[in-house]
Amino acid sequence: MVLEIIQLTVYGIVLGSIISLGAIGLSLLYGILRFAHFAHGDVMTVGAYLALAGVTGLGLPIWAASALAVGGGVGLAVLIDQTLYRRLRRTAPVILLIASVGIALILRSLVQFVWGPDTQVYTQELQMPVRLLGIRLKPTQLQIVAGAVILVVILHLFLTRTRTGKAMRAMADNPELARIVGIDTELVVVWTWVIGAALAVAAGIFLGMDTRLQPTMGWHILLPVFAAAILGGIGKPYGAIVGGMVVGIASELSTMVFPPVYKPAVAFALMVVMLLVRPTGLFGAPR
Amino acid sequence: MSLLSMTRLRGGYGGADILNGIDLRVEAGEIVVVVGPNGAGKSTAMKAVFGLVDIREGRLVFDGVDITRLRSDRLARLGISYVPQESNVFASMTVHENLEMGAFIRRDDFSGQLARVYDIFPPLKEKRASRAGSLSGGQRQMVAIARALMLEPRLLLLDEPTAGLSPAFTELIFEKIVEINAGGTSILMVEQNAKQALGLAHRGYVLTLGANRYEDTGANLLANREVAEMFLGG
């Protein structure tokens with residue numbers, strides 16, 4: 001019983017790492033643009049498949065393929081923003097939201113068109129789980145958690161040490177004042193897409209490593225990612241990390257009681273309860 | 001030549017005009033105070049200087065340069081700093097980061113100015129690692145003014161710098177304004193505490209309905225019976 005709880009918590013941390021990386025980007029984008037980006041899950045999918053193309057098509061090792069995929073995913077996100085979202089920024093928020101749902105469908109269809117609807121994997125090699133004090137853990141799962149930690153540390157250094165990172169926080173905090181002090185807000189927006197998309201691509205690749213690649217993988221994880229962002233207080237990237245961990249661990253632990261297909265429902269329930277009890281998130285000021 | 005001159009300015013926020021032909025000027029080295037009842041367009045006049053208002057007619061000239069249609073970041077580069085009345089700090093960032101953001105457009109070494117700003121507001125030095133949102137209203141106002149000073153502006157625009165502050169803090173902020181002015185920065189300020197503000201101003205303007213009503217030295221406005229009855233509470 002205790003061992004099972006620990007085992008599931010470990011799986012929860014793995015899932016939470018993936019969800020967190022997606023939720024950070026979603027939260028940053030919301031903080032800067034006041035825009036709930038519904039295509040974020042599908043950016044994850046595109047990233048995962050770009051890495052697949054690198055591994056199976058070009059025969060690259062997964063880390064090199066990942067770097068390529070990050071580049072491709074970032075380029076795509078900035079392109080979509082500059083050609084579509086940018087023109088819609090001055091319209092009603094709901095139009096931007098619907099546009100992002102459209103982008104989500106387009107991206108998913110493109111992935112399905114290029115790579116087909118069947119599930120795929122990065123490697124056919126059998127992963128032998130390591131046993132540590134009775135806990136089973138696959139090497140890929142360790143890599144996922146380590147990768148997420150490294151990315152979060154880099155993000156933290158970027159946000160607290162660099163001029164651009166600070167400008168990003170300033171704009172999320174007070175857009176009017178950011179303009180008054182002379183911050184180029186459009187440049188900050190581009191940077192936000194770069195960071196958000198890079199983390200989403202990483203999350204997509206990790207998701208593909210942990211399970212399998214499917215054209216709907218990103219769309220299916222979007223709800224837990226949103227739940228994590230809202231739990232952490234949308235617009236707060238650090239909150240999104242905690243929110244991701246809470247959603248990940250709660251989802252895995254719920255499999256002790258409910259069948260695993262209900263994992264997204266658990267995330268959704270957490271989000272609803274949070275919105276009812278504390279709409280500003282775990283770290284927000286209570287209203 | 002005046003440092004700043006506003007000539008027959010008309011404009012607003014897209015709807016009806018709020019400014020109905022205001023004339024206003026600031027000479028180098030002056031403290032100029034704008035007073036008037038609510039809705040007189042005082043804050044709008046100040047925002048107009050900083051490029052935040054749709055100007056329909058009239059002209060703004062700063063140090064010989066026509067700034068009527070310039071964007072805020074260009075104005076900052078010319079040497080104008082603006083402190084809005086509300087949400088004028090980055091609440092989630094530290095005091096120190098707020099000051100760094102104030103110097104955002106500077107590419108040179110601003111450590112000297114940072115030290116000077118901390119000298120003007122010693123409490124901020126102690127609180128440099130605290131989040132601005134956790135400070136008291138008076139300290140937050142210090143952060144806002146200190147942030148604006150990071151550009152070493154020639155003209156500082158202050159929108160009701162003492163609004164909502166205790167009498168003690170109001171006194172302190174006014175002292176700091178005089179100190180900043182003595183350091184060579186010209187100041188254009190909108191104030192509710194009209195008596196105190198006119199007391200330290202070189203010149204003042206009384207606005208009503210988006211237009212000039214009176215214009216005189218601070219001392220003369222204070223002595224003017226009509227002004228006193230209208231705005232200074234007798």
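The values are calculated or read from the model by the stated rules, or taken from the named source; none is laboratory data. Everything numeric in this text was worked out from a predicted model, so none of it was measured. With ideal geometry, Cβ positions are generated from the backbone for all residues, glycine too; neighbour counts draw on all protein chains shown. Accessible surface is based on the protein model in full, side chains and every heavy atom, while ligands, DNA and RNA are left aside. Shrake-Rupley method; radii C 1.70, N 1.55, O 1.52, S 1.80 Å.
For the reader, a short list of remarks on this structure follows.
- Among the residues making up the range B:1-26, those that are assigned to a loop (DSSP other than H, G, I, E, B) and open to solvent by 50 Å² or more (accessible area, probe 1.4 Å) are B:Met1, B:Tyr13, B:Gly14, B:Gly15, B:Ala16, B:Ile18.
- Filter pass, A:Leu207 being within 24 Å of A:Val145 (Cβ to Cβ), open to solvent by less than 30 Å² (accessible area, probe 1.4 Å) and touching a helix residue (DSSP H, G or I) at 6+ places or on another chain (Cβ under 6 Å): yes
- Test: residue in the range B:119-131 that is under 24 Å from B:Lys47 (Cα atoms) and in contact (Cβ under 8 Å) with a residue 12 or more places away in the chain: no
- The listed residue being open to solvent by less than 30 Å² (accessible area, probe 1.4 Å), more than 22 Å from A:Val2 (Cα to Cα) and outside any loop (DSSP other than H, G, I, E, B), out of A:Gly243, A:Gly235, A:Gly248: A:Gly243
- The range B:88-105, residues that are within 24 Å of B:Met189 (Cβ to Cβ), within 13 Å of chain A (Cβ to nearest Cβ) and out of contact with any Asp or Glu (no Cβ under 7 Å at 6 or more places or on another chain): B:Asn88, B:Val89, B:Asn98, B:Leu99, B:Met101, B:Gly102, B:Ala103, B:Phe104
- If you filter the range A:251-269 down to residues that are under 22 Å from A:Leu199 (Cβ atoms) and not charged (D, E, K, R), you find that the one that is most open to solvent (accessible area, probe 1.4 Å) is A:Pro264.
- Residue pairs meeting the criteria (Cβ under 7 Å; at least 6 apart or on separate chains; first among the hydroxyl-bearing types (Ser, Thr, Tyr), in the range A:238-252; second open to solvent by less than 40 Å² (accessible area, probe 1.4 Å)): A:Ser251/A:Gly12; A:Ser251/A:Leu15; A:Ser251/A:Pro224; A:Ser251/A:Val266; A:Ser251/A:Ala267
- Only one of A:Ile195, A:Ile205, A:Ile230 that is of a type in the set (A, V, I, L, M), in a helix (DSSP H, G or I) and closer than 30 Å to A:Met128 by Cβ: A:Ile205
Table: residues versus (1) within 19 Å of the chain's Cα centre (by Cα); (2) at pLDDT 95 or above; (3) surrounded by fewer than 21 Cβ atoms within 10 Å (Cβ to Cβ).
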residue: B:Arg77; (1), (2), (3): yes, no, yes
residue: B:Gln85; (1), (2), (3): yes, no, yes
residue: B:Phe90; (1), (2), (3): yes, yes, no
residue: B:Leu99; (1), (2), (3): yes, yes, no
residue: B:Ile105; (1), (2), (3): no, no, yes
residue: B:Val117; (1), (2), (3): yes, yes, no
residue: B:Glu126; (1), (2), (3): no, yes, yes
residue: B:Arg131; (1), (2), (3): no, yes, yes
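- Test: residue in the range B:163-181 that is closer than 19 Å to A:Arg179 by Cα and either charged (D, E, K, R) or surrounded by 15 or more Cβ atoms within 10 Å (Cβ to Cβ) (or both): no
- Filtered residue count, the range B:193-234, keeping only those that are in a loop (DSSP other than H, G, I, E, B), in contact (Cβ under 8 Å) with a residue 40 or more places away in the chain and open to solvent by 60 Å² or more (accessible area, probe 1.4 Å): 2
- B:Arg77 vs. criteria assigned to a helix (DSSP H, G or I), in contact (Cβ under 8 Å) with a residue 40 or more places away in the chain, among the charged types (D, E, K, R) and facing chain A (nearest Cβ under 9 Å): no
- When the range A:29-72 is filtered for residues that are of a type in the set (Gly, Ala, Ser) and farther than 20 Å from A:Ala104 by Cβ, the ones remaining, listed by number, are A:Gly31, A:Ala53, A:Gly54, A:Gly57, A:Gly59, A:Ala64, A:Ala65, A:Ser66, A:Ala67, A:Gly71.
- Members of the range A:139-171 found to be at the interface with chain B (Cβ under 8 Å from one of its Cβ atoms) and open to solvent by less than 80 Å² (accessible area, probe 1.4 Å), listed by number: A:Lys166, A:Ala167, A:Arg169, A:Ala170
- Any hit, the range B:50-57, residues being farther than 26 Å from B:Thr170 by Cβ, assigned to a loop (DSSP other than H, G, I, E, B) and within 12 Å of another protein chain (Cβ to nearest Cβ): yes
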